[in-house]
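Novice: Before we start, here is the structure in question, set down as structure tokens.
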Amino acid sequence: MSRPDPTTLLAPSRPEVPVARYITITLEARGASCRARLLDDEAPGTSAAVWDALPQSGDAFHAKYARNEVYTLIPRLSAPRRENPTVTPIPGDVCLFDFEPWEIGNAAYGYEPGSEAHAAQGATDLAIFYGRNNLLLNGDVGWVPGNVFATIESGLEDVAAACSDLWLRGVEGERLSFARG
């Protein structure tokens, strides 16, 4: 009895399973980090734009209108204008907001004159949401939908405590960083 030639045997066909991609988000001065999974199926263009631009880091700001949001501003990414949008983010949502230069002309929102946010191309806002009851409604401009491109899967409690501390004690000296996980 002869054995089959192993070079002629075909491997069984298996469906290709996409590998999840993760990012690490850190409040540097407070030493709090979390891990978020990119939502490649729900927001493929936004996820790809952020992934390709990492690492990113900038001054941290606590949102005035949204409620439980901490964000940083980075040079504008070429991401889809609307993809997996929401105006009611939930705890653990990670969002991208795209702003035209005219939308960010007010220093009261953390967009200081001379900052990259005032560049001719506008700015990208990368934000994390750490608590409930968020509503993306700005009294000056109305609804401000964000693209949900990732969800925090671990470390949300530590980051939420650090974000609450930002609200109570201020953001001066804090930086928010996004890196490939």
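Novice: If ligands, DNA and RNA are left out, what is the accessible area of residue 37 with a 1.4 Å probe, given in Å² to the nearest 10?
Specialist: 70
Novice: Sticking with this one: Can you give me the C-alpha center-to-center distance between the stretch 142-181 and the stretch 40-98, rounded to a whole angstrom?
Specialist: The stretch 142-181 and the stretch 40-98 have Cα centres separated by 10 Å.
Novice: Here's a follow-up. Of all the Cα-Cα pairs you can form in the stretch 22-181, what percent are over 20 Å apart?
Specialist: 44
Novice: For residue 33, what is the net charge nearby, where nearby means another residue's Cβ is under 14 Å from its Cβ and Lys, Arg count +1, Asp, Glu -1?
Specialist: With Lys, Arg at +1 and Asp, Glu at -1, the net is -1.
Novice: Going from most exposed to least, what order do 42, 103, 174, 157 have by accessible area with a 1.4 Å probe?
Specialist: Sorted by accessible area, descending: 157, 42, 103, 174.
Novice: Could you compute how much accessible surface residue 52 exposes when probed at 1.4 Å, giving the result in Å² to the nearest 10?
Specialist: 120
The values are calculated or read from the model by the stated rules, or taken from the named source; none is laboratory data. These numbers were taken from a predicted model, which means no experiment stands behind them. As a convention, Cβ positions derive from the backbone with ideal geometry for all residues, glycine included, and neighbour counts pool all protein chains shown. All accessible areas refer to the heavy atoms of the entire protein, side chains included, with ligands and DNA or RNA removed. Shrake-Rupley method; radii C 1.70, N 1.55, O 1.52, S 1.80 Å.
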